[in-house]
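Q: Sharing a structure, written as structure tokens. Questions coming.
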Amino acid sequence: MTKTVTGGLAMDWLSEILQAQARYARCLDDGPLEAWPDFFTEDCFYKITTADNHRRGLEAGLIWADNRRMLQDRVSALRHANIYERQSYRHVLGLPLVAGPAEGEAESETPFVALRIVRDGATEVFASGRYLDHWRRDGEGVRLAQRIVVCDSSRIDTLLALPL
Amino acid sequence: MTKTVTGGLAMDWLSEILQAQARYARCLDDGPLEAWPDFFTEDCFYKITTADNHRRGLEAGLIWADNRRMLQDRVSALRHANIYERQSYRHVLGLPLVAGPAEGEAESETPFVALRIVRDGATEVFASGRYLDHWRRDGEGVRLAQRIVVCDSSRIDTLLALPL
Amino acid sequence: MTKTVTGGLAMDWLSEILQAQARYARCLDDGPLEAWPDFFTEDCFYKITTADNHRRGLEAGLIWADNRRMLQDRVSALRHANIYERQSYRHVLGLPLVAGPAEGEAESETPFVALRIVRDGATEVFASGRYLDHWRRDGEGVRLAQRIVVCDSSRIDTLLALPL
């Protein structure tokens, strides 16, 4: 991310990204999960990785997709496995840092913490990390052309492979 | 929540709600607690409930009030019981999603996590969830005409019944 | 903090402080740590203290500095001790409350939670609290003329003395 600005164009982007991130988090936590792929462009790139792997430039990820169709398949798989409903999650996003806004594109970096709430049980930190995002504006608003989710811990529950 | 927009009117609302939420969280955590009812309109509706009960449409809540006077009574009761001072809390709010801003009203949905800090002890997640808010603007700023606090966990400490 | 406003001047400050806080948090978590002193003015005041000590007006702090040079020394000491690299951190900041914006200055108060991620281990709350900030604008953006970090817990790990 090269440059951050605060006037005019960037103000629009800041508020638009604030709202898109809020809407995204709500979709993950309160559903419907089927709406999740709509936050992305058709030709999107999406990856969940760990800070260690990200630093070493490793391509593999816990989830890896290079188009929206793959994200839709992921949702179907989760619904089928009935995994998603056993507990609930709460994503609290920190303040997004917006960079390089140009004609119809911008980047942002946003820290997050995801809590897992087990029914009648304890609440714990499920994951923390940051979203490295590339946004593209179309007629309806902004969509993610790229999201790389970099998880801080390497001890992330790979069985679940939930969207983040 | 029907529609979110980012230009003009909505920008004002976004920054106003960002500030009102920040001020509200500060009041809960750093006091004075007596100022808490002032965030609400006189004829406000306030409820703390659980995600389970909210989903099932149950009316009852851990705290339930349909006017500001009841919130003032709640504060007096807490001061009398001397419960509030035994530990401290820290509310970290996520990004608010603002919707449907009209002439003098708007809605928002805001995730939160509340930490409980026990003196010289551990810090733990006390509650997480989301605020479903209805704001009304008057001469002095914006106030809550309605706040429904939906806690993620059903295992919330009902003895305390602190404001959230 | 005396007055909060939302139009014109204050809007600029709000978005500028949102971005500065986001950039600051990223610097702490993802480095380079050497860039951390640049968020401050040359004649800055920086202190980490506890809520208990802050309430009692005690001057001493876990870290105390009254100019930027001392912050640079702190970074050198941490690099030398090689302490900073053993685990990672994730700061999630709440919504900043901006107050008293005047010609080139503003104040803000921002809640934070800092998570500590131990390699292949658990993630826990390392610290929570609030930033009491005084910002000054210069040609390149805004810098901290003062930051007082008030930690909620008194049981903070004094051996580390990491920047917050």
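Q: Scanning chain C for trypsin sites (Lys or Arg not before Pro) in DSSP loops with at most 11 other Cβ atoms within 10 Å, what's the longest stretch left with none? Kindly include the intermediate steps, with their values, before the conclusion.
A: On the way: sites that count: C:Lys3, C:Arg56.
Longest stretch, sites excluded: C:57-164.
Q: Using alpha carbons only, how many angstrom separate the centre of the stretch C:45-72 from the centre of the stretch C:10-26?
A: First find each Cα centre; the distance between them is then 22 Å.
Q: Right, here's the next one. Which single residue of chain A puts its beta carbon nearest to the axis of rotation relating A to B, and what distance, in whole Å, does that give?
A: A:Val92, 4
Q: List the distances, in nm to one decimal, from the label point of B:Glu42 to the label points of the same position in every other copy, shortest first, placing each label point 7 Å from Cα along the Cα-to-Cβ direction.
A: 5.7, 5.7
Q: With every protein chain kept in the model, how would you rank B:Ser76, B:Ser153 by accessible area, 1.4 Å probe, largest at the top?
A: Output order, biggest surface exposure first: B:Ser76, B:Ser153.
Q: Place a +1 charge on the Cβ of each Lys and Arg in the protein assembly as shown and a -1 charge on the Cβ of each Asp and Glu, then give the dipole magnitude about the Cα centre in debye, rounded to the nearest 20.
A: In total the dipole reaches around 1160 debye.
Q: What is the magnitude of the charge dipole of chain B about its Cα centre, with +1 placed on the Cβ of each Lys and Arg, -1 on the Cβ of each Asp and Glu, and no other charges, expressed in debye to the nearest 20?
A: Details: 20 positive and 24 negative charges, 84 e Å.
In total the dipole reaches around 400 debye.
Q: May I pose another question? If you line up the long axis of helix C:68-81 against the longest principal axis of chain C, both from Cα atoms, how many degrees apart are they, to the nearest 10?
A: Around 20 degrees separate the two axes.
Q: Right, something else. Would you be so kind as to identify which of B:Ala81, B:Ala65, B:Ala25 lies farthest towards the positive end of the dipole of chain B, taking Lys and Arg as +1 and Asp and Glu as -1 on Cβ and the Cα centre as origin?
A: The listed residue farthest towards the positive side: B:Ala81.
Q: Can you give me the solvent accessible area of A:Asp73 with a 1.4 Å probe, rounded to the nearest 10 Å²?
A: For A:Asp73, the solvent-accessible surface is approximately 70 Å².
Q: Per 5 Å bin, what is the whole-percent P(r) computed from every C-alpha pair distance within chain B?
A: Reading upward from the zero bin: 2, 8, 17, 22, 22, 15, 8, 4, 1, 0.
Q: Then there's this: Rounded, prolate or oblate: pick one for the protein assembly as shown, where a ≥ b ≥ c are the square roots of the eigenvalues of its C-alpha gyration tensor, a/c under 1.5 means rounded, and failing that, prolate if a/b is larger than b/c, else oblate.
A: Rounded is the answer for the protein assembly as shown, as its axis ratio a/c remains below 1.5.
Q: I want to verify a result. In a Gaussian network model of chain C, Cα cutoff 10 Å, which of these has the top mean-square fluctuation: C:Thr41, C:Thr123, C:Thr110?
A: C:Thr123
Q: While we're looking at this one, here's another question. Using a cut-off of 10 Å between beta-carbons, work out the net charge of the residues near A:Trp135 (Lys and Arg +1, Asp and Glu -1, A:Trp135 not included).
A: Computed value for this residue: 0.
Q: Let me ask another. Tilt of helix A:9-30 relative to the longest C-alpha principal axis of chain A, in degrees (0 to 90, nearest 10)?
A: On a 0 to 90 degree scale, this one is about 10.
The values are calculated or read from the model by the stated rules, or taken from the named source; none is laboratory data. Predicted model only: the values in this text are computed from it and were never measured. Methodologically, a virtual Cβ is constructed for each residue, glycine included, from the backbone with ideal geometry; neighbour enumeration extends over all protein chains shown. SASA here: full protein model, heavy atoms, side chains in, ligands and nucleic acids out. Shrake-Rupley method; radii C 1.70, N 1.55, O 1.52, S 1.80 Å.
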